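Asker: Please read through the structure below; I'll follow up with questions.
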Amino acid sequence: MKKRVLVTGGAGFIGSALIRYLVKRGEIKILNLDKLTYAGNLESLQEVADSGDYRFVHADICDAPSVKEALNDFQPHAIMHLAAESHVDRSIDGPSAFIQTNVVGTAVLLECATEYWRGLPESEDQSSTLSRARKSDFRFLHISTDEVYGSLGAEGLFREETHYDPRSPYSASKAASDHLLMAWHHTYGLPVLMTNCSNNYGPFHFPEKLIPLVILNALEGKPLPVYGRGDHVRDWLFVDDHAKALTLVLEKGAPGEKYNVGGNNERTNLQVVETICDTLDQLCPDYLQRLNLKSFRELITFVADRPGHDQRYAIDASKVRSKLGWSPEENFDTGIVKTVQWYLDNGWWWQPIRAKKYSGQRLGTK
C-alpha cells in the first residue's frame, strides 16, 4: 500500500511544486493542509486535484485540534512542513504574522506530531487495513531557508555548520522554527529532518517576489524595480529541482540531520532583472512594439533599498549531493527561459492575482 505524507502549506509556491511532483510519481498519497492565506492558491494544484492520491484540508497549523484531527484521520508516514509566511518585505511591514505562523505554528505542529508519533505501533500493524506507519519509520521534514545564516561577504558559502545570524523578521522567525525543530529532536526524540534552501523560482510563483514581479511588470510596461544598486547576490534554485531534493531527503536523509539545498547559480539582482529582460526581448518582440520599446531593459528603475538588506547568500550543497545523490537539472539560464515562457502561457493563473490580490505595489518600506 502507498505511503502517506501530510504536506503543510501545499497551496504555496514550493509546496504546490512538491505535491505536483509527488502525485505524478504515483507512489505516495498526499494530504495538503493549508490555511489559504493571500499566497495560497489551489489553482496551482489544478492538474492533480482530481487524483485519488491527493486530498486537501483547509486548516491552520496554529489550530491544534484541526492538526490533530488531520493526523489521526490521515495517519501519515511523514510530515513535510512548508507552511510559512515567507516574504521579507511583508515581514518588515507586519512581523507579527510571521511570528504567529512560523514560530507558534511550528511549535503547535511539533507538539501534535510528537503526540501522534508516540502513538504509532513499534511494528507494522498487520491487522489494520490502513497500513499504519511504524514508529521507527516516521519522519518530520522541516523546510527552511538560507536566510537564517545572515549575510555573506564577497567570498564563502553557507554550510550546514554555519552559525545563525538572521537579519529580518522573516529570517528570525524561520531561525526560531529551526531551533524548535532540533529541540524537539533532542528533547523528545522526534525523528526530524531539516533543509535550508536558496532562492527558489519557477512556475506558480506569487508575483510579489522578484522574478515573477519583473516578468509581469515588463509585460504591462511598468517600471522594473531594482533595490539600491542591484548588487545584492542570491543563489537561485529552480523549484522543481528543489521538490526532487526534498523527496530524496525525506526518503534517504538521516534523522537529526540538516541538508543545504542550492542551485549553484549566483547572480546579482540586477543580473537577474537584465536576464529576464533579454529573455523577454527574444520571446515576445510584439510586446516591445506595443510598448514602443527597443528592449525591456529600458524599464529598469533603481529604487531605495530595503531596510537591512542582506548583501549575499550562497549555498554549499555538497552534502545533499554526496550523501543523497541529488543534483539540479536546471541552471539559471535554462530555468529562467522555462519560467518566463510559463508566465507568457498561463495568464489564467496570474491575471486574477494581479487584479484581486497583488498588483505590484512596493512593500517593506517601514
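Every number in this text was worked out from the coordinates using simple rules, so none of it is lab data. The structure presented is a predicted model; accordingly, all values stated were derived computationally and were not measured. FYI the Cβ positions are ideal-geometry reconstructions off the backbone, even for glycines, and counts take in every protein chain you see.
Asker: Pairs of alpha-carbon atoms within less than 8 angstrom and 6+ residues apart define the contacts here; what relative contact order does the range 13-108 have, in percent? Don't skip to the answer; put the middle values down first.
Answerer: On the way: 92 pairs, mean separation 25.7, N = 96.
In percent, rounded to a whole number, it is 27.
Asker: Using only alpha carbon pairs under 8 Å that are at least six residues apart, calculate the relative contact order of the chain and give it in whole percent.
Answerer: Details: 699 pairs, mean separation 65.0, N = 366.
About 18 percent, as a whole number.
Asker: Moving to a separate point now. Report, in deg cm²/dmol and to the nearest 500, the calculated mean residue ellipticity at 222 nm for the chain, where each DSSP H run with n ≥ 4 adds -39500 (n - 2.57) and the sum is divided by the residue count. Show your work: numbers first, answer last.
Answerer: Numbers: 13 runs with 144 residues, N = 366.
Roughly -12000 deg cm²/dmol at 222 nm, from the helical runs in the chain.
Asker: A follow-up question, please. Would you kindly derive the ³J(HN,Hα) couplings of the range 239-255 from the backbone phi angles with the Karplus curve 6.51 cos²θ - 1.76 cosθ + 1.60 (θ = phi - 60°), listing them in order in whole Hz, with x for Gly and Pro?
Answerer: Ordered by residue, 3J(HN,Hα) equals 4, 5, 5, 5, 4, 5, 5, 4, 5, 5, 4, 4, 7, 10, x, 8, x Hz.
Asker: Net charge near Leu193: determine it from the other residues with C-beta under 14 Å of the C-beta of Leu193, scoring Lys and Arg +1 and Asp and Glu -1. Mind dumping the intermediate values first?
Answerer: Details: positive: Arg139, Lys252, Lys258, Lys319, Lys323; negative: Asp137, Glu160, Asp178, Glu251, Glu257.
That sum, taken over residues with Cβ under 14 Å, equals 0.
Asker: When the convex hull of the C-alpha atoms of the chain is computed, what volume per residue in Å³ does it have?
Answerer: Working: hull volume 47.0 nm³, N = 366.
Convex hull of Cα atoms, per residue: 128 Å³.
Asker: Between 0 and 90 degrees, rounded to the nearest ten: what's the tilt of helix 64-74 against the longest Cα principal axis of the chain?
Answerer: 70
Asker: Just to be sure I understand: of the beta bridges DSSP finds with both ends in the chain, what percent are antiparallel, rounded to 5? Spell out each step's value before the answer.
Answerer: Details: 3 of 41 bridges.
That works out to approximately 5 percent antiparallel.
Asker: On to the next question. Going by average Cβ density within 10 Å per residue, which order do the peptides 27-33, 163-169 take, highest to lowest? Intermediate values should be presented prior to the final figure.
Answerer: Details: 27-33: 22.3, 163-169: 16.9.
Result, highest mean Cβ count within 10 Å first: 27-33, 163-169.
Asker: What is the range 115-233 by shape, rounded, prolate or oblate, if you read a ≥ b ≥ c off the alpha carbon gyration tensor as root eigenvalues and call it rounded for a/c under 1.5, prolate for a/b larger than b/c, and oblate otherwise?
Answerer: Values: a/c = 3.71, a/b = 1.86, b/c = 1.99.
In terms of gyration-tensor shape, oblate.
Asker: Using packing as a proxy for protection, rank 8-17, 278-287 so that the peptide with the highest average count of other Cβ atoms within 10 Å comes first.
Answerer: Taking the mean over residues of other Cβ atoms within 10 Å, the ranking is 8-17, 278-287.
Asker: With the cut-off at 15 Å, report for the range 278-366 the share of all Cα pairs above it, as a whole percent. Please list the in-between numbers first.
Answerer: On the way: 3037 of 3916 pairs.
Of all Cα-Cα distances in the range 278-366, 78 percent exceed 15 Å.
Asker: Are there GluC sites (Glu not before Pro) in the range 150-203 that DSSP marks as loop and that have at most 12 other Cβ atoms within 10 Å, and which are they? Kindly include the intermediate steps, with their values, before the conclusion.
Answerer: On the way: sites: Glu155, Glu160, Glu161; in loops: Glu155, Glu160, Glu161.
Of the GluC sites (Glu not before Pro), the ones in loops of the range 150-203 whose Cβ has at most 12 other Cβ atoms within 10 Å are Glu155, Glu161.
Asker: Provide Thr106, Thr301 in ascending order of the number of other Cβ atoms located within 10 Å of each residue's Cβ, fewest first. Walk me through the numbers before you get to the answer.
Answerer: Values: Thr106 27, Thr301 12.
Ordered from fewest to most neighbouring Cβ atoms within 10 Å, Thr106, Thr301 come out as Thr301, Thr106.
Asker: Take the Cα pairs of the range 180-238, get the Kirkwood Rh, then feed it into Stokes-Einstein at 10 °C and 1.306 mPa s and tell me D in µm²/s.
Answerer: Values: Rh = 14.7 Å.
It diffuses with D of about 108 µm²/s by this estimate.
Asker: Here's another thing I want to ask about it. What angle do you read, to the nearest 10 degrees and between 0 and 90, between the alpha-carbon axis of helix 347-356 and the longest principal axis of the chain?
Answerer: 80
Asker: Using a 10 Å cut-off on Cβ atoms, rank the peptides 326-332, 146-152 from the highest mean neighbour count down.
Answerer: Working: 326-332: 17.4, 146-152: 22.4.
Final packing ranking: 146-152, 326-332.
Asker: Using only C-alpha atoms and all pairs of different ones, pull out the Kirkwood radius for the range 68-119 in Å with one decimal.
Answerer: Values: mean 1/r = 0.0811 Å⁻¹.
That comes to 12.3 Å for the range 68-119.
Asker: With Cβ to Cβ distances under 12 Å as the rule, what net charge do the other residues near Ser359 carry (K, R +1; D, E -1)?
Answerer: Numbers: positive: Lys222, Arg354, Lys356, Lys357, Arg362; negative: Glu208, Glu220.
Here the count lands on +3.
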